[in-house]
Structures are given as structure tokens and as C-alpha cells.
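This report concerns only the one structure given below.
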Amino acid sequence: MGDTSYGLDNYAIDQPGRSWYYMGCTWFGNWQTAPPSSSGLSRYRSQLVNLSYFEPNCQRKFGSNVAIPVDVSAYNAKWFNTLRGVSNIYYTSGSLDIWRDATVATSTGNLLPSSPSSPVFTIDGATHSQDLGEKQVNELASVTKARTIGDALVVKWIK
């Protein structure tokens, strides 16, 4: 397979691509891969874009101490346990977000319990960060609802 370095050979400090790739290699491993042919899902990526496409660069670019595959359970235990009991955080995820399984609200259930002080809200039909942009004319009702909830929470929290 060819070099999939994404600029990882550039060691300048201001390289967000290198930082993002490092986080993928060491924290969440949520690579944008093609679905397996057995899934019956439409593929917009080549079936060659799989874990074997991404993971070799992890050790090649960041050293042999990078575990392959990523220990996602250890990452989740460390960070999501740290967030338990924290208040005044509003967690949103779009149901169609390609990064959803790397968030609090995964497709298989919440990694943190939803609570009045830190609610978890899945935005039906929304993609990545769709609720963070400006209101659109033909916006999904679920995105509008997510924003309305967020606005009310901020007002409540700063009073």
C-alpha cells in the first residue's frame, strides 16, 4: 500500500493533521473506513480503505510504542470516567455523524448517563456538528430542537 501519511512527515508545531492522526492512533481509532461488502450498505470509499490502510502509519510515524489496534476501551474508561459527575455540559451527536461512535452518544448507547445537569441528546437525521452552525432556512426540526435545548441550558447555567 502506498504512503497514507497525510502530511505526517511534517514535524512543524502547527500541524493539525498530524495531531489528529496521532489522536486516532492512540485514543479513539475511529477511522473513516468503507463498510464491509457483507453489510449491504452503499460504499463511497474503496474497500481498500480499511484498518490495514490506516494503522501501519501509526507505528511508522509515531513509534513502536503505539498499540495496534487502538485500545478504545482504555481511552473510554479514562476519559468518560473523568467526565462522570461533571455538570453543565450539553452533549450532542448527530444520528448520521460519521464520528458518532467516538462521542458520548454512540450508536449502541450512551457512554455517560444523560442527566439534567449534563444532558445527552442525539439529533435525529443530523451529521457532524450540524447543530453548531447558523440556523438554516430548511433546517431539520431535530437540529432546531437541539439548539433550543442548548440555548435554554446556557441561560439556566449562567443565572
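The values are calculated or read from the model by the stated rules, or taken from the named source; none is laboratory data. Here the structure is a predicted model, which means the values were calculated and not measured. Quick reminder, even Gly has a Cβ in these numbers, built from the backbone with ideal geometry, and neighbours come from all protein chains shown. Protein only, heavy atoms only, side chains kept; ligands, DNA and RNA dropped before computing areas. Shrake-Rupley method; radii C 1.70, N 1.55, O 1.52, S 1.80 Å.
Brief remarks on what is shown
- Length gained on full extension, Ser37 to Asn88: 14.2 nm, using 0.36 nm per residue less the C-alpha separation.
- Percent carbon-and-sulfur accessible area, segment 20-159, ignoring ligands, DNA and RNA, probe 1.4 Å: 56
- Environment charge of Pro36, counting only residues whose C-beta is closer than 15 Å and scoring Lys/Arg +1, Asp/Glu -1: +2
- The value of relative contact order for the chain, using C-alpha pairs under 8 Å at least six residues apart, is 17 percent.
- Reciprocal of mean inverse Cα separation for segment 50-158 (Kirkwood radius, Å): 15.9
- The mean sequence separation of alpha-carbon pairs under 8 Å and at least six residues apart, normalised by the residue count of segment 80-159, gives a relative contact order of 31 percent.
- Solvent-accessible heavy-atom area per residue, rounded to whole Å², over segment 1-150 at 1.4 Å: 62
- Pairs of lysines in the chain whose Cα atoms sit within less than 28 Å of one another amount to 6, provided the residues are eight or more positions apart or on different chains.
- Computed from the Cβ-Cβ distance with R0 of 22 Å, the FRET efficiency linking Thr127 to Val154 stands at 0.45.
- Helix-only [θ]222 nm of the chain, DSSP H runs n ≥ 4, -39500 (n - 2.57) each, per residue, nearest 500: -10000 deg cm²/dmol
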